[in-house]
Amino acid sequence: MSLETLWLALLGLLLAGYFVLGGYDYGAQMLSPFLGSTAPAPEQDRGPGGRNAALDAIAPFFLGNEVWLVAFAGVMFGAFPHLEGSLLSGLYPLIVAILAGLVVGNAAVQLRGRSRGARALRVWNALVVFGGALPAVGWGLVVGLLLHGVPRRADGSFHLGIGDVLAPFPLTCGVATALLFAGHGAAFIAIRSEPELAAAARRVGATLIAAAGAASALALVLSLFGAGASMTRTATSAVLFALVAAALGAGWWFLTRGRGAPAFAATCAATALPVPLIGAGQYPYLLTADSGAGITVDEAVADEATLKLLIGFGVLVVPLILIYQAWSWWAFRGRTGRRHPSYF
């Protein structure tokens, strides 16, 4: 395996890991007013705002999951500097919106438990939902734009207008991703919560996953009629989309039958698969243009000396991330309230 392929695989792994782990964070935030009681419980309450079982489910992992996004950005900056220069500048409005959502959501989750009064609590709860929904929709729009192709100029740069972002295909991908992340969050809440809340989470999750499947089917129809994804490897793309459909179907099936753990595994697969759909389905391009062609892997990657120098990052940092993630899952295993108290 060449160094270019190795770093491309690592880049995809980190982004897919972020979608899986950050996805259930955003999903739980979006569902927190509906799947977590906000009524104060004096014997276990940690603040005037009361407990929220949905937020308790993600509490031990909340900020740690975003390490994957930081690592992804580090690999892209170091190993694919030419992609970073075009991608981040062109997607600047969406990236800013996603980061704004992260900041607002993180602050709201941390501060809602300190709210005084019902009105303040409603405001913080609304900001928690907003902080989950905005990154979810934003990442869906980014995926849709990358699959469809961006309006590149002659110098290789591109600028997105409101018409590009709100075109039918990217907008459908944004809705599908938000629904998928919400369903993924519901599946996570189901395996972390007490039986009554877990049952409600499975019911809500099944509905959301079915809706995500319908939105994904619409995206496929748009692609078949030439208004959707522009893929260079049709067979590979078809296989990957079939896997997405199978993962969504399996997630819905397991949720409707009360099997939380396999349902969560299926939604993990569904949230991760859009990344190889972009990478493998459009290979050798990392960034495609709506008029055809784009930036290839060879054009985007750093020189071989830089890639060799960066090997230390992959050898040291990535295993540390995996070890930390495994340790946190083991330390906070079990259902919320049995092995650790309320955090938010």
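The values are calculated or read from the model by the stated rules, or taken from the named source; none is laboratory data. Because the structure is predicted, anything quoted here is derived from the model rather than measured. Neighbour counts run over all protein chains shown; Cβ positions are idealised from the backbone, glycine included. Just the protein is used for accessible areas: all its heavy atoms, side chains included, with ligands, DNA and RNA removed. Shrake-Rupley method; radii C 1.70, N 1.55, O 1.52, S 1.80 Å.
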**Message:** Anything in the stretch 110-132 that is hydrophobic (A, V, I, L, M, F, W, C) and open to solvent by 30 Å² or more (accessible area, probe 1.4 Å)? List them, or say none.
**Reply:** 111, 118, 120, 123, 124, 126, 127, 129, 130
**Complete:** From the option list 214, 261, 245, single residue qualifying as free of Cβ contacts under 8 Å to residues at least 24 places away in the same chain and open to solvent by 30 Å² or more (accessible area, probe 1.4 Å) is 214
**Request:** Please find, among 200, 219, 247, 182, the residue that is in contact with a Cys (Cβ under 7 Å, 6 or more places away or on another chain) and of a type outside the set (D, E, K, R).
**Result:** 219
**Asked** How many residues are modelled with pLDDT under 85, open to solvent by less than 30 Å² (accessible area, probe 1.4 Å) and out of contact with any strand residue (DSSP E or B) (no Cβ under 7 Å at 6 or more places or on another chain) when one looks only at the stretch 54-94?
**Response** 6
**Enumeration of residues in the stretch 193-205 that are open to solvent by 10 Å² or more (accessible area, probe 1.4 Å) and assigned to a helix (DSSP H, G or I)** = 195, 196, 197, 199, 200, 202, 203, 204
**Message:** Name the single residue that is nearest to residue 187 (Cα to Cα) among those in the stretch 308-344 being in a helix (DSSP H, G or I), modelled with pLDDT of 80 or more and not aliphatic (A, V, I, L, M).
**Reply:** 329
**Request:** State which residue pairs qualify: first residue among the basic types (Lys, Arg) and inside the stretch 291-311, second residue part of a helix (DSSP H, G or I) in any location, beta carbons under 9 Å apart, and separation of 6 or more residues or different chains.
**Result:** 308/3
**Prompt:** Going by the conditions given, is residue 10 at pLDDT 90 or above, within 30 Å of residue 117 (Cβ to Cβ), in a helix (DSSP H, G or I) and of a type in the set (A, V, I, L, M, F, W, C)?
**Reply:** no
**Request:** Scan the stretch 274-283 and give yes if some residue there is open to solvent by less than 40 Å² (accessible area, probe 1.4 Å) and assigned to a loop (DSSP other than H, G, I, E, B), otherwise no.
**Result:** yes
**Fill in**
Residues of the stretch 221-230 being in contact with a Phe, Trp or Tyr (Cβ under 9 Å, 6 or more places away or on another chain) and crowded, with 17+ Cβ neighbours inside 10 Å, in sequence order, are 222, 223, 228, 229
